[in-house]
Structures are given as C-alpha cells and as structure tokens.
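Written out below as structure tokens is the structure these notes cover.
The values are calculated or read from the model by the stated rules, or taken from the named source; none is laboratory data. Please read all numbers here as calculations on a predicted model, not as lab measurements. Here the Cβ positions follow ideal geometry from the backbone for every residue, glycine too, while neighbour counts run over all protein chains shown.
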Amino acid sequence: MTYVVTESCVKCKYTDCVDVCPVDCFREGENMLVIDPDECIDCTLCVAECPVEAIFAEDDVPDDQKEFIALNAQLAKTWKPIIEKIEAPADADDWAKTPNKKHLIQK
C-alpha cells in the first residue's frame with residue numbers, strides 16, 4: 001500500500017509533508033505535490049503534517065478522489081523530486097478549502 005495526495009493539495013502545495021518523508025517520495029508539480037508509489041514506504045509520517053488533509057492511505061482515499069491514485073503514479077514519473085520544505089504559494093490559504101480543483105492541476 002502507498003499514500004496518495006488528493007485534490008485538497010491543488011493550488012495549496014504546502015510542503016510540510018516533504019520535510020518528514022524519510023525516503024524522499026514526493027514529486028513537485030507547478031501547483032501540487034504527488035507521491036511516487038514506487039518510493040513510498042507507508043510510514044504515515046506525512047499524513048499528520050498536511051495542513052489541508054490531502055494525504056490518504058491508498059485504501060482510505062475517499063471514493064470521489066480515487067482517480068488521484070492513478071494520477072499520483074502517472075505524474076510521479078515525470079515530476080521532479082522535492083526533498084525539502086519550500087514556502088507555500090502566497091494564496092495557498094485562500095485555496096485550502098476550495099472544492100473541485102482537479103481541473104486546475106498543471107501537468
């Protein structure tokens with residue numbers, strides 16, 4: 001099992017999770033992060049660090065977010081690793097509770 005970044009991360013891109021990851025499994029896109037399922041060791045450390053509750057165990061991803069399982073795997077193949085925390089976008093808090101953001105993902 002792996003962990004999955006879901007829609008809540010889109011346009012928020014807080015990177016608190018990156019700081020605690022012992023295997024550097026996060027990948028950075030223009031406006032969100034994903035987890036490389038081949039690198040994730042299921043340690044759970046990132047889950048508690050995400051301020052927008054965007055990270056779920058693969059088996060616990062909400063039904064309306066299941067497509068993010070495949071999306072994380074797909075995007076992790078082309079996005080670059082991120083290994084340390086960076087500053088969140090200036091408007092991240094404004095986007096934190098906005099629903100239906102999948103169409104805003106910049107691939």
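Is the range 80-96 home to any residue that is under 18 Å from Arg27 (Cβ atoms) and among the aromatic types (Phe, Trp, Tyr)?
Looking through the range 80-96, none of the residues is under 18 Å from Arg27 (Cβ atoms) and among the aromatic types (Phe, Trp, Tyr).
To keep it simple, each residue is scored yes or no on (1) in a loop (DSSP other than H, G, I, E, B); (2) surrounded by 11 or more Cβ atoms within 10 Å (Cβ to Cβ); (3) under 13 Å from the mean Cα position of the chain (by Cα).
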position	(1), (2), (3)
Cys46	no, yes, yes
Pro51	yes, yes, yes
Asp59	no, no, no
Ala70	no, yes, yes
Ile86	yes, yes, no
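Taking interchain pairs and intrachain pairs at least six residues apart, which have beta carbon atoms under 9 angstrom, with the first residue in the range 26-40 and surrounded by fewer than 24 Cβ atoms within 10 Å (Cβ to Cβ) and the second at pLDDT below 95 and among the basic types (Lys, Arg)?
Gly29/Lys107; Glu30/Lys107
Pick from the range 41-63 the residues that are touching a residue at least 40 places away in the same chain (Cβ under 8 Å) and charged (D, E, K, R): which of them is farthest from Tyr14 (Cα to Cα)?
Here the answer is Asp59.
Read through the list (1) loosely packed, with under 14 Cβ neighbours inside 10 Å; (2) touching a residue at least 40 places away in the same chain (Cβ under 8 Å), then give the number of the only condition that Lys66 fails.
Checking Lys66 against (1) loosely packed, with under 14 Cβ neighbours inside 10 Å; (2) touching a residue at least 40 places away in the same chain (Cβ under 8 Å), the one that fails is (2).
Within the range 1-22, work out how many residues are of a type outside the set (Val, Ile, Thr) and closer than 11 Å to Pro89 by Cα.
4
Being part of a loop (DSSP other than H, G, I, E, B), hydrophobic (A, V, I, L, M, F, W, C) and under 12 Å from Pro81 (Cα atoms) is the filter here; which residues of the range 4-33 pass it?
Taking the range 4-33 as the starting set, the residues that turn out to be part of a loop (DSSP other than H, G, I, E, B) are 6, 10-15, 21-25, 29-32.
In the following step, the residues that additionally are hydrophobic (A, V, I, L, M, F, W, C) were identified as 10, 12, 21, 23, 25, 32.
Cys21, Val23, Cys25 - these are the residues of the range 4-33 that are part of a loop (DSSP other than H, G, I, E, B), hydrophobic (A, V, I, L, M, F, W, C) and under 12 Å from Pro81 (Cα atoms).
Could you give every pair whose Cβ atoms fall below 9 Å, whose first residue belongs to the range 87-103 and is without any contact (Cβ under 8 Å) to a residue 12 or more places away in the chain, and whose second residue is surrounded by 13 or more Cβ atoms within 10 Å (Cβ to Cβ) and of a type in the set (Lys, Arg), counting only separations of at least 6 or pairs across chains?
Pairs found: Asp94/Lys11.
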